[in-house]
Amino acid sequence: MRYRLRRVINMAMLSSVTACSILAVGLMFLIVGYIGIKGAGYVVKPSFYLHEPVPIGQTGGGISHAIVGTAILTTISAVIALPLGIAAGVYLSEYAGRDRLVLRFIADTLTGVPSIVVGLFVYAFLVIHTGFSALSGGVALAVIMLPIVTRTTEEALYLVPRDQREAALALGSPKWRVVAGVVIPGASPTIVTGCLLATARAAGETAPLIFTAFGNNFKSTDINGPVAAIPLVIFKYAQGPYKDQHDQAWAAAFVLVMLMLVLSALTRFAVSRRLK
């Protein structure tokens, strides 16, 4: 009787978990599919990815300026945030001591700060003095990425077995050598995943870029001047009065989702090869 009851409970829980998984995956495919269908008129056009916007009121044009701008902003933020975040995570995990709780609380608080507040902060301390630029936008995105990378790195280092640390120390290696040669390589797949998560979040942010990068209707690679970004294009075109702009906004949203999907797939592939 108890065995049959356990089987019934097990089947019920398994069915519930399976249904929730199907629902979550189904919602993801529903969102991506709906975005793709709404922007299908431009998603399949090569000119959408290669050309710049046309004058207001005309149809056609593309988002090449936004693709270039997003690449610049993401690169700047990654160059700033990833080394600092990984270093901070290593310090929290291996060297912080009594300061660990305070530093962890600060990192957790920064993670929950709304992105628009970060944009206003960078605007007040950087943009007012230097003007709107890709550099200030990259700094704003780096502030958003930093606590995510820090906490992910810290948790990843905790997953490395203590026995490996003790074995390396027993061989006479100094602690910095153990951390650099044993602990970090062992946690690298999880660290890479955390960096990907932070980069993906930064690439999709809009609010901080309104106050920092500002946007640009033309292709620009000047990090000291305003640049476009895919989220800014979506924000601008979605508010426009023209149907053609709405279609381009849907197409740009689909491109942004696909960029994150490709980035995630490449990272997973690299991590799986590293684990093998």
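The values are calculated or read from the model by the stated rules, or taken from the named source; none is laboratory data. Computed from a prediction, not measured in an experiment: that's the story for all the values here. Cβ coordinates were reconstructed from backbone atoms using ideal geometry, including for glycine residues, and neighbour counts include every protein chain displayed. These area figures cover heavy atoms from the full protein model, side chains too; ligands, DNA and RNA do not enter into them. Shrake-Rupley method; radii C 1.70, N 1.55, O 1.52, S 1.80 Å.
Just subtract the alpha-carbon distance of THR111 and ALA40 from 0.36 nm times their residue separation and send over the number in nm, one decimal. Kindly include the intermediate steps, with their values, before the conclusion.
Details: separation 71, 0.36 × 71 = 25.56 nm, distance 3.52 nm.
Result for the pair: 22.0 nm of gain on full extension.
Can you tell me the length gained on complete extension of the stretch VAL257 to ASN224, counting 0.36 nm per residue apart and subtracting the Cα distance?
Working: separation 33, 0.36 × 33 = 11.88 nm, distance 2.76 nm.
Full-extension gain reported as 9.1 nm.
What is the calculated FRET efficiency for VAL8 to VAL32, with r their C-beta to C-beta distance and R₀ = 41 Å, to the nearest 0.05? Before the final figure, lay out the partial values.
Numbers: r = 37 Å, r/R0 = 0.89.
So, using R0 = 41 Å, E works out to roughly 0.65.
Helices from the chain with mean Kyte-Doolittle at least 0.5 and a Cα length along the axis of 30 Å or more, per DSSP H: which?
On the way: long enough: 2-38 (53 Å, 1.15); 64-94 (44 Å, 1.48); 134-158 (35 Å, 1.11); 243-275 (48 Å, 0.67).
Span-like helices in the chain: 2-38, 64-94, 134-158, 243-275.
Identify which of SER15, SER220, SER188 has the largest mean-square fluctuation in a Gaussian network model of the chain, with springs joining Cα atoms closer than 10 Å.
Most flexible of the set in this elastic network: SER15.
Among GLU205, GLU166, what's the order by accessible area (1.4 angstrom probe), most exposed first? Numbers along the way, then the final one.
Details: GLU205 25, GLU166 90 Å².
Output order, biggest surface exposure first: GLU166, GLU205.
If packing is taken as the average number of other Cβ atoms within 10 Å across a peptide's residues, how do 16-24, 261-269 rank, most packed first?
Values: 16-24: 9.9, 261-269: 12.8.
Going by the mean number of other Cβ atoms within 10 Å, highest first, we get 261-269, 16-24.
For SER15 and SER188, what is the calculated FRET efficiency with R₀ set at 41 Å and r taken between the beta-carbons, to the nearest 0.05?
0.65
Where does the chain land at 222 nm, in deg cm²/dmol rounded to the nearest 500, when only DSSP H runs of n ≥ 4 count, each adding -39500 (n - 2.57), divided by all residues?
Details: 13 runs with 203 residues, N = 276.
Taking each H run of at least 4 residues, the total per residue is -24500 deg cm²/dmol.
When Lys and Arg each count +1 and Asp and Glu each count -1, what net charge do the other residues less than 14 Å away from HIS246, Cβ to Cβ, add up to? Display every interim value, and only then the final one.
Working: positive: LYS38, LYS236, LYS243; negative: ASP244, ASP247.
In short, +1.
Please work out the Kirkwood hydrodynamic radius for the range 63-146, using every pair of different C-alpha atoms, and report it in angstroms with one decimal place.
Working: mean 1/r = 0.0711 Å⁻¹.
Computed over Cα pairs of the range 63-146, the Kirkwood hydrodynamic radius comes out at 14.1 Å.
Starting from the Cα-Cα distance between SER47 and ALA24, subtract it from 0.36 nm times their residue separation and give me the gain in nm to one decimal. Show your work: numbers first, answer last.
Numbers: separation 23, 0.36 × 23 = 8.28 nm, distance 3.41 nm.
Extending this stretch completely gives an extra 4.9 nm.
For THR109, THR59, write out the residues from largest to smallest accessible area, computed with a 1.4 angstrom probe and no ligands counted.
Values: THR109 70, THR59 105 Å².
Result of the area sort, largest leading: THR59, THR109.
To make sure I understand the rule: partners must be aspartates and glutamates, Cα under 15 Å from the Cα of LYS45, and not fewer than 8 residues away in the same chain. Which ones qualify?
The qualifying aspartates and glutamates are ASP244, ASP247.
Run the quick spin-label model on LEU171 and GLN58: label points 7 Å from Cα toward the beta carbon, then report their separation in nm to one decimal.
The two pseudo-label positions are separated by 6.6 nm.
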